[in-house]
Amino acid sequence: MSLDSQLRERIASIVASDRVVLFMKGTPDSPQCGFSAQVVSILNRLLPGYGSFDVLEDREVREGIKEFSNWPTIPQLYIGGEFQGGCDIVKEMYATGELHKALGLELAAVTPPSVTVTDAGAQLLREAQSRQGGDLHVAIDAAFKHSLSLGPRAGHEIAASSNGITLLFDRDSASRAAGLVIDAADSGGRKALTVDNPNAPKSEPVRQLSVQELRALMDAGEELHLFDVRTPEENRKARITGATLVDARVAKEIESLPRDARLVFHCHHGGRSQAAAEHFAALGFTNVCNLAGGIDAWSREIDPSIPRY
């Protein structure tokens, strides 16, 4: 593709629109590819906010940015108007501290945090490691969203141990993890990991709404907004009447709702929807609910015509 002057100027304008700009697939709240999600995860650990451009919404920019940077893939990160690289380079810069330097952030010494893994939490983590293998990584972004994953050790992580479990943190996550407690609790008839971080800013708690309570609210005609945070494929398999599948557009619409609107989130069993509910509670929504047990519990206890999977 030949980059004409008008498109070049337009892309240059986007690059100059913020000190940090990420050209990505999707949005930071809803990445639409794994590579974009990885870069978002890194930036979220370092910055409370940054500029982004969804290339899926503009084919001209999607192709033009590759010519502009002479880089063939998306995502692409710019800092101070300078192209930094794609996903692998950003990950390497983050691991070595070069990304901190480029962002003007101090690379301070970090000691292993004091963490607690309860017996119940340790059991679930050992079971996951037994099934999938790999080391346990904990990421905590700048908004104190937590994610746990299994994967190989890169060598730059900071390790903390409790109850025979070793947790690996990147530098920034380690600095946010002092006093972290990983436990397990019942969620729709099964155990799920819980993470309690005393350093996280306090937000309105997420209420666990039973399927019977949701049915009663719907039958009474109570005003509520029901959102499905599963994948489109899962939504095609089974859906609750009246639920709206969340994508980048819907996420923006949710943010525009009154902060006292009743928001109810559901997924398959309740884990992903809990994370979504916590996200919107952190944005200041005061009436946020997670559907305990998810659509699986709805199918078992309310509407058996909905397929289980």
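Would region 227-239 turn up any residue that is touching a residue at least 40 places away in the same chain (Cβ under 8 Å), surrounded by fewer than 14 Cβ atoms within 10 Å (Cβ to Cβ) and farther than 23 Å from ALA184 by Cα? Checked against the condition, which is being touching a residue at least 40 places away in the same chain (Cβ under 8 Å), surrounded by fewer than 14 Cβ atoms within 10 Å (Cβ to Cβ) and farther than 23 Å from ALA184 by Cα, region 227-239 yields no hits at all.
In region 13-35, the residue that is farthest from the chain's Cα centre (by Cα) out of those that are without any contact (Cβ under 8 Å) to a residue 40 or more places away in the chain and more than 23 Å from ALA174 (Cα to Cα) is SER13. Does region 110-118 contain any residue that is outside any loop (DSSP other than H, G, I, E, B) and at pLDDT 95 or above? Yes - at least one qualifying residue is present in region 110-118.
When you check ILE65 against the structure, is it of a type in the set (A, V, I, L, M) and more than 30 Å from GLU157 (Cα to Cα), yes or no? The answer is yes for ILE65.
If you filter region 269-285 down to residues that are out of contact with any Lys or Arg (no Cβ under 6 Å at 6 or more places or on another chain) and not hydrophobic (A, V, I, L, M, F, W, C), you find that the one that is surrounded by the most Cβ atoms within 10 Å (Cβ to Cβ) is SER273.
The condition of being at pLDDT 90 or above and in contact with a strand residue (DSSP E or B) (Cβ under 7 Å, 6 or more places away or on another chain) holds for only one of SER13, SER17, SER41, that being SER17.
Conditions (1) buried (at least 20 other Cβ atoms within 10 Å of the Cβ); (2) assigned to a helix (DSSP H, G or I); (3) among the hydroxyl-bearing types (Ser, Thr, Tyr); (4) free of Cβ contacts under 8 Å to residues at least 24 places away in the same chain, marked per residue:
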{"site": "VAL39", "(1), (2), (3), (4)": "yes, yes, no, no"}
{"site": "ARG45", "(1), (2), (3), (4)": "yes, yes, no, no"}
{"site": "PRO48", "(1), (2), (3), (4)": "no, no, no, no"}
{"site": "SER52", "(1), (2), (3), (4)": "yes, no, yes, no"}
{"site": "LEU56", "(1), (2), (3), (4)": "no, yes, no, no"}
{"site": "GLU67", "(1), (2), (3), (4)": "no, yes, no, no"}
{"site": "PRO72", "(1), (2), (3), (4)": "no, no, no, yes"}
{"site": "ILE89", "(1), (2), (3), (4)": "no, yes, no, yes"}
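Tell me which residues, restricted to region 264-309, are among the polar types (S, T, N, Q), farther than 19 Å from LYS252 by Cα and part of a helix (DSSP H, G or I). Hit for region 264-309 is SER299, nothing else. Against the numbered list (1) modelled with pLDDT of 95 or more; (2) part of a helix (DSSP H, G or I); (3) under 26 Å from CYS33 (Cα atoms); (4) of a type in the set (A, V, I, L, M), LEU125 comes up short only at (3). Scanning region 131-140 for any residue that is in a helix (DSSP H, G or I) and not assigned by TED's automatic domain parsing to the domain that holds ALA281 turns up at least one such residue. When each of ASP260, ASP186, ASP219 is tested for being touching a Ser or Thr at 6+ places or on another chain (Cβ under 6 Å), over 24 Å from SER173 (Cβ atoms) and surrounded by fewer than 17 Cβ atoms within 10 Å (Cβ to Cβ), the lone residue that passes is ASP260.
The values are calculated or read from the model by the stated rules, or taken from the named source; none is laboratory data. Remember, predicted model here, so these are calculated numbers, not experimental data. Methodologically, a virtual Cβ is constructed for each residue, glycine included, from the backbone with ideal geometry; neighbour enumeration extends over all protein chains shown.
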